[in-house]
Amino acid sequence: MTNKIMIQIRIHGRGGQGVVTAAELIAIAAFKDGQQSQAFPSFGVERTGAPVESFVRIDNQPINTREHIYEPDILVIQDASLLDAIDVSTGCSEKTKVIINTAKKTNQLKIKLPKENIFAIDATTIALDIIGKNIVNTTILGAFAKITNLVSLASLKLAIKEKFKDKGNIIINKNIKAIEQAYKVYEK
């Protein structure tokens with residue numbers, strides 16, 4: 001009998017920042033790595049710039065639940081300004097890993113979770129340098145892959161190729177280069 005180990009991920013960002021796409025890319029990558037996965041957004045009357053969430057579950061067995069993720073194992077924050085706008089840590093435990101897009105050091109962040117579980121990545125600078133736009137949803141996933149080991153870098157690249165196939169090779173290659181750069185930030 002296989003041990004069931006479901007990992008639950010909640011992604012916070014603002015409308016228009018690709019929060020839903022980030023969740024889909026994680027789920028596609030996990031599936032390519034042989035796991036079961038599920039991604040879905042939380043939509044209301046949000047508009048561009050409003051706080052939004054998306055969710056991902058990864059397991060080695062079929063996933064039957066469809067509810068929002070209230071107690072995440074991993075929290076991804078694409079926009080650090082949300083720390084001043086909403087309580088992104090609601091439902092998090094002391095074991096929740098937090099990956100946040102910021103140029104600040106972890107001890108400078110206003111988040112009520114153990115600092116050893118908070119991982120800062122300046123995805124904005126990487127995205128601007130490589131993609132040419134402040135689009136961090138793919139970039140931050142490079143750090144996600146390295147920090148969590150839930151998806152491989154290779155499967156994440158395949159997910160980007162699949163999801164962005166209609167955008168052309170230039171966009172695909174820039175996004176892959178950005179995730180590789182973010183991945184390297186946490187290589188020891």
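Quick notes
- Checking each residue in region 162-175 for being part of a loop (DSSP other than H, G, I, E, B) and surrounded by fewer than 18 Cβ atoms within 10 Å (Cβ to Cβ) picks out only Gly168.
- Test: Asp33 is among the acidic types (Asp, Glu) and more than 16 Å from Ile140 (Cα to Cα): yes
- Only a single item in (1) surrounded by fewer than 18 Cβ atoms within 10 Å (Cβ to Cβ); (2) assigned to a loop (DSSP other than H, G, I, E, B); (3) modelled with pLDDT under 95; (4) of a type outside the set (D, E, K, R) is not met by Gly34, and it is number (3).
- Selection within region 71-92: residues that are part of a loop (DSSP other than H, G, I, E, B) and within 16 Å of the chain's Cα centre (by Cα). The member of this set that is nearest to Leu141 (Cα to Cα) is Gln78.
- One residue alone among Leu128, Leu158 is touching a helix residue (DSSP H, G or I) at 6+ places or on another chain (Cβ under 7 Å) and modelled with pLDDT of 95 or more, and that residue is Leu158.
- Glu187 in contact with a Lys or Arg (Cβ under 9 Å, 6 or more places away or on another chain), closer than 19 Å to Ile26 by Cα and surrounded by fewer than 21 Cβ atoms within 10 Å (Cβ to Cβ): no
- Residue list for region 172-184, restricted to those being in contact (Cβ under 8 Å) with a residue 24 or more places away in the chain and among the hydrophobic types (A, V, I, L, M, F, W, C): Ala178, Ile179, Ala182
- The residues of region 133-146 include none that are surrounded by fewer than 20 Cβ atoms within 10 Å (Cβ to Cβ) and at pLDDT 95 or above.
- Within region 37-85, if we keep just the residues that are basic (Lys, Arg) and surrounded by fewer than 19 Cβ atoms within 10 Å (Cβ to Cβ), the residue that is farthest from Asn101 (Cα to Cα) turns out to be Arg66.
- Selection from region 123-167 of residues that are in contact (Cβ under 8 Å) with a residue 60 or more places away in the chain and not hydrophobic (A, V, I, L, M, F, W, C): Asn137, Thr138, Thr148, Ser152, Ser155, Glu162, Lys163
- Lone qualifier among Ala178, Ala154, Ala159 - being among the aliphatic types (A, V, I, L, M), part of a helix (DSSP H, G or I), loosely packed, with under 14 Cβ neighbours inside 10 Å and touching an Asp or Glu at 6+ places or on another chain (Cβ under 9 Å): Ala154
- Residue within region 94-113 that is over 15 Å from Gly13 (Cα atoms), hydroxyl-bearing (Ser, Thr, Tyr) and surrounded by 19 or more Cβ atoms within 10 Å (Cβ to Cβ) present: yes
The values are calculated or read from the model by the stated rules, or taken from the named source; none is laboratory data. All of these numbers come straight from a predicted model, not from anything done at the bench. Reconstructed Cβ throughout: ideal geometry from the backbone, glycine too, with neighbour counts over all protein chains shown.
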